[in-house]
1. Just checking, how many residues over region 82-98 are under 15 Å from L38 (Cα atoms) and part of a helix (DSSP H, G or I)?
2. Name the residue, out of Y84, Y10, that is under 16 Å from the mean Cα position of the chain (by Cα) and farther than 19 Å from V99 by Cβ.
3. Tell me which of these K89 doesn't satisfy, since it passes every other one: (1) surrounded by 13 or more Cβ atoms within 10 Å (Cβ to Cβ); (2) free of Cβ contacts under 8 Å to residues at least 40 places away in the same chain; (3) not aromatic (F, W, Y).
4. How many residues are over 15 Å from the mean Cα position of the chain (by Cα) and in a helix (DSSP H, G or I) when one looks only at region 31-53?
5. Just to be sure, is G71 in contact (Cβ under 8 Å) with a residue 40 or more places away in the chain and either of a type outside the set (D, E, K, R) or crowded, with 17+ Cβ neighbours inside 10 Å (or both)?
6. Of everything in region 21-58 that's within 20 Å of K77 (Cβ to Cβ) and touching a Phe, Trp or Tyr at 6+ places or on another chain (Cβ under 7 Å), which residue is surrounded by the fewest Cβ atoms within 10 Å (Cβ to Cβ)?
7. Take the residues in region 55-72 that are at pLDDT below 95 and aliphatic (A, V, I, L, M), then tell me which one is farthest from T17 (Cα to Cα).
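The values are calculated or read from the model by the stated rules, or taken from the named source; none is laboratory data. Given the structure is predicted, the values throughout are model-derived calculations rather than measurements. Cβ placement follows ideal geometry from the backbone for every residue including glycine, while neighbour counts extend to all protein chains displayed.
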Amino acid sequence: MKIEKILENYIAVEKETDCLADFFSAFSDKTRLKIICLLSMDDMCVNDISFVTGLNQSAVSHQLRTLKDGGAINCYKDGKKTYYYLKNKHIENLLYQAVVASEESV
């Protein structure tokens, strides 16, 4: 009886860990982290992100697509430009907590 309950809970946890792995993969790249930091300051378009980071627009667009697919950011149109923003404050808080944790581990 006990093993059935463990298996039931494990299956639920496995689904959650799959979701978390996909979510955290968006944060596993230095360029994407820089973009997330920028978007924590303000909504930005590809041109602005490209200018600040020194990356070409194609590379920025690719990283933004990965972040969007990962659920970290969203976008809206303003005329011809598309602006990107962090999906919610939890992303910004997560980034802050990661910085604090990394500083404490040094």
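1. 7
2. Y84
3. So the condition that K89 fails would be (1).
4. Qualifying residue count, region 31-53: 8.
5. So G71 passes the test.
6. Result: D43.
7. So the residue we want is L67.
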